[in-house]
1. Could you check how many residues of region 134-171 are in contact with a Phe, Trp or Tyr (Cβ under 6 Å, 6 or more places away or on another chain), β-branched (Val, Ile, Thr) and surrounded by 20 or more Cβ atoms within 10 Å (Cβ to Cβ)?
2. Is it the case that region 89-99 has a residue that's touching a Lys or Arg at 6+ places or on another chain (Cβ under 7 Å) and modelled with pLDDT under 90?
3. Among the residues of region 32-60, count how many are under 24 Å from Phe203 (Cβ atoms) and either among the polar types (S, T, N, Q) or not in a strand (DSSP E or B) (or both).
4. Looking for whichever is out of contact with any Cys (no Cβ under 6 Å at 6 or more places or on another chain), in the same structural domain as Lys121 (by TED's automatic domain parsing) and surrounded by fewer than 21 Cβ atoms within 10 Å (Cβ to Cβ) here; the options are His39, His43. Which one fits?
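The values are calculated or read from the model by the stated rules, or taken from the named source; none is laboratory data. Predicted model only: the values in this text are computed from it and were never measured. Here the Cβ is made from the backbone with ideal geometry for all residues, glycine too, and neighbour counts use every protein chain on show.
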Amino acid sequence: MKTLLATVLLLLSLPSVGAAIGTHGMALVQTKQGLVASHMPLHGSMHSHQLLLTLSTDPSAQAQIDALLAQYPLITLNPETFDLHQLMHGSLNHFSATVVAGHFERGGQPRLTQVTFNVDKVLLNKPLTELASGSYYPIALGQQTLLVHRIGALPSFDQLLLVDTALESTTPVQLTEGQPTTPYQQLKGGYPLHSVYLETLDFQERE
């Protein structure tokens, strides 16, 4: 009986099939509707998903994060270890993370530790593809629209753009100039926008 119980407990403790347990770094940006975190994806790994979330935290931590976002061009999160699939599918609704000024894996400086973030909404959950780059997923955020570059076959790039207009489109927005592997150049209609995140190093062609 004890052997059976031990076996059951061991099986329950093992990661589920398809689990993606690890450190899932995120870029953090500020919008008029609050904090948005973008999981840092990588082709050919457990990180091969574009996942964007709205986050909230307690007022004290929020005030400190707001100040950091105003001071530094890049703020990232170095979260505790968790299963990315649980986050993707809504069964993980909070996590703890270190808030880092700069890239958490490239010399960034920790500024806040053990900050608890609540996951309020999953905005985007898409696997990386081998399609051509050059289009952006539009995500409605009230009077703003977040444009998320659809990462395609290498070389590609990860980019977030904030447009100060509520765009009507629900299909990927196409660039009007520049090559598909070149970050945003111009959007149809000339809407005012801000590039709030850009990553190219992780998406170069590999030998």
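1. Count: 2.
2. Scanning region 89-99, I find no residue that is touching a Lys or Arg at 6+ places or on another chain (Cβ under 7 Å) and modelled with pLDDT under 90, so the answer is no.
3. Taking region 32-60 and keeping what is under 24 Å from Phe203 (Cβ atoms), we get 36-53.
With the extra rule that they be either among the polar types (S, T, N, Q) or not in a strand (DSSP E or B) (or both), the set shrinks to 38, 40-48, 50.
The number of residues fulfilling the criteria is 11.
4. Going through His39, His43 in turn, the sole match is His43.
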